[in-house]
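One structure below.
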Amino acid sequence: MEIVVALDFVGIDPTTGGGGSPTVWVEDELEEIIVQSLTANAALCEKIAGTEWVPGHAIGIPAHESVIRIPARMLPILKEAIERVERARLHHAAEERPEDCRTPGDA
């Protein structure tokens, strides 16, 4: 059974024309960034799949992964998503600390 996650919308490609557009969400509980974007073309996928990027790492694109393209104009949106995930991680870490390890003023 797949877990349904609560997505927090971060932003959409600022040049969108009303069709499908690169979009970014954050899922706080899982501390993940979710991206919908343009699927890479066959030539790019072939280049990626055929290159050993890290010595000893498997070559290819696993069936459960996809290659997407993210326009540079979306960097501010991705930065915001990264900051949100970092805040979620800090919040989760603070929740996991035992009460006696918290400093005065911790939430």
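The values are calculated or read from the model by the stated rules, or taken from the named source; none is laboratory data. On a predicted model such as this, the values are computed, not experimentally measured, just so you know. So basically every Cβ, Gly included, is an ideal-geometry build from the backbone, and we count neighbours across all protein chains shown. To get the accessible areas, we keep the full protein, side chains included, count just its heavy atoms, and leave off ligands, DNA and RNA. Shrake-Rupley method; radii C 1.70, N 1.55, O 1.52, S 1.80 Å.
Table for the structure above
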| quantity | calculated |
| --- | --- |
| Lone qualifier among Glu46, Glu32 - being more than 21 Å from the chain's Cα centre (by Cα) and modelled with pLDDT of 90 or more | Glu46 |
| Those residues of the range 16-39 which are touching a residue at least 24 places away in the same chain (Cβ under 8 Å), within 30 Å of Ala93 (Cα to Cα) and β-branched (Val, Ile, Thr), in sequence order | Val24, Val26, Ile33, Ile34, Val35 |
| Residues that are assigned to a loop (DSSP other than H, G, I, E, B) and open to solvent by less than 80 Å² (accessible area, probe 1.4 Å), drawn from the range 3-19 | Val5, Ala6, Asp13, Thr16, Gly18, Gly19 |
| Residues that are under 21 Å from the mean Cα position of the chain (by Cα) and open to solvent by 90 Å² or more (accessible area, probe 1.4 Å), drawn from the range 77-99 | Lys79, Glu83, Glu86, Arg87, Arg89, Leu90, His91 |
| Subset of the range 20-54 (residues that are loosely packed, with under 15 Cβ neighbours inside 10 Å, among the hydroxyl-bearing types (Ser, Thr, Tyr) and in a strand (DSSP E or B)) | Thr39 |
